[in-house]
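Novice: Structure incoming, see below.
The values are calculated or read from the model by the stated rules, or taken from the named source; none is laboratory data. Here the structure is a predicted model, which is why all the values come from computation and not from measurement. Using ideal geometry, Cβ is built from the backbone for each residue, glycine included, and neighbour counts are taken over all protein chains shown. These area figures cover heavy atoms from the full protein model, side chains too; ligands, DNA and RNA do not enter into them. Shrake-Rupley method; radii C 1.70, N 1.55, O 1.52, S 1.80 Å.
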Amino acid sequence: MGFSSTLSPTLSRRLRLQLPRLHRLLRSSDSQVGNSTRVKCLSRSGAETIFVRLNYERQLIDDRSGHIDEEAHETNSRVTGSDLVRRVLLYQPSVCGDDGVSVGEAVREQHGKDESVHSCCPPDVVLFPRCVEEVSALAKVCQRHRLPIIPFGTGTGLEGGVTAMQGGVCFSLRNMDQVLDLHPEDFDVTVEPGVTRKTLNAFLRDTGLWFPVDPGADASLCGMAATSASGTNAVRYGTMRENVMNLEVVLADGTVVHTAGKGRRSRKTAAGYNLTNLFVGSEGTLGIITKTTLRLYGIPEATASAVCSFPSVQDAVDSTVQVLQAGVPVARIEEITRSNGGSDFQWAQDAETRERLWKARHDAFYAATALRPGCKWQERQERQERQQRQERQQRQERQGKERSRGAASV
């Protein structure tokens with residue numbers, strides 16, 4: 001039984017030469033792990049590393065003949081469905097383990113939508129890499145077979161950026177969830193893409209520091225960098241664009257780049273291109289963010305939250321603008337809001353009350369959605385109907401122009 005592969009001819013010839021060594025490894029109890037083992041093969045240039053999984057039960061390599069069946073490599077056609085899954089699975093188990101891939105319908109649908117109203121477009125396969133090396137290796141496989149890549153963090157976006165419109169391979173980064181480097185004296189921290197905003201602030205609780213950018217949802221920090229998230233604290237602390245100091249990014253061909261230099265945490269960006277701000281807000285179209293270095297702030301000694309209601313949105317906006325223009329101290333905020341029709345403040349000074357208040361603020365979107373059951377489906381239907389009307393109108397206009405040209409030529 002043969003070993004099907006889409007390896008380059010050079011790698012295939014080299015693999016043939018190593019078959020005797022592979023057979024010895026298969027018979028060796030020291031190199032056997034269950035029914036499989038990993039063998040590292042290098043191309044002659046040493047630039048490409050592949051891992052070939054040898055499995056007794058599947059008999060990927062025939063011990064009797066050692067025959068390798070080379071498969072034609074389709075470089076100019078898009079690979080989808082079962083063919084895509086088969087090609088990825090050929091390489092993937094040896095990269096991030098048997099539990100690092102899923103083709104189950106429920107898992108694919110979970111990774112094919114976010115909190116937006118857009119329809120679910122599931123990917124063909126979901127991968128769960130555990131480190132940047134695995135992300136890079138898998139990206140090289142996808143690039144070799146021309147497979148679309150969709151990075152996935154926590155799925156809390158509202159733009160439909162994780163939907164696999166053309167199918168493809170979803171890289172779920174939830175297993176990369178470590179806080180790597182904390183430098184409290186320099187007010188910065190480096191995290192992996194599986195770390196969320198709440199997780200980081202819980203980790204920083206005993207240091208007197210916190211990360212203030214708060215988009216509402218408990219989003220992943222690398223995902224917040226990819227979408228240039230902001231939130232309620234943006235006026236004072238800025239958005240993600242002002243608080244990201246360095247990024248580690250895996251490009252589509254598997255190349256790993258550091259936007260400010262490897263291991264650098266400098267706050268100055270005058271030297272060279274500002275690649276960090278190029279990737280912040282790129283929505284995953286330029287690469288997969290696998291590490292981000294963030295700016296931290298000291299926790300204020302005294303914090304109080306308050307709620308104030310207005311008769312209209314315009315009155316609330318006018319009050320906000322006046323507060324920002326005047327640089328008002330806390331004592332004068334009540335005067336401005338009252339002059340714009342605002343109610344008296346309802347203060348929350350103790351930590352427990354503040355947490356309840358901000359939890360209500362964060363859950364406002366889900367509460368509003370729950371008040372209108374089926375509103376996402378209804379909005380989706382209305383959008384589809386508008387698109388269909390526009391398409392009919394454009395088609396009628398084209399037909400009218402064609403008839404006019406035909407009549408003129410006659």
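Novice: Compactness ratio of region 174-231: Cα Rg over 2.2 N^0.38 Å, N = residue count?
Specialist: The reported ratio for this selection is 1.06.
Novice: While we're looking at this one, here's another question. Place the peptides 203-212, 279-288, 243-252, 394-403 in order of packing, highest mean first, counting for every residue the other Cβ atoms within 10 Å and averaging per peptide.
Specialist: Most protected by this proxy first, the peptides run 243-252, 279-288, 203-212, 394-403.
Novice: Taking the Cα atoms of region 194-294, what is the range of coordinates along each of the three principal axes, in descending order and whole Å?
Specialist: 37, 25, 25
Novice: Where the centroid of each part is defined by its Cα atoms, how far is region 97-112 from region 217-291 in Å?
Specialist: One Cα centre to the other: 27 Å.
Novice: Taking the DSSP beta bridges in region 103-260 as the whole, what percent of them are antiparallel, to the nearest 5?
Specialist: Rounded to the nearest five, the antiparallel share is 50 percent.
Novice: Next up: Order of 315-325, 298-308 by packing, highest average Cβ count within 10 Å first?
Specialist: Descending mean neighbour count gives 315-325, 298-308.
Novice: Please give the per residue accessible area of region 156-211, computed with a probe of 1.4 Å over protein heavy atoms only, in Å².
Specialist: Roughly 47 Å² per residue, with all protein chains present.
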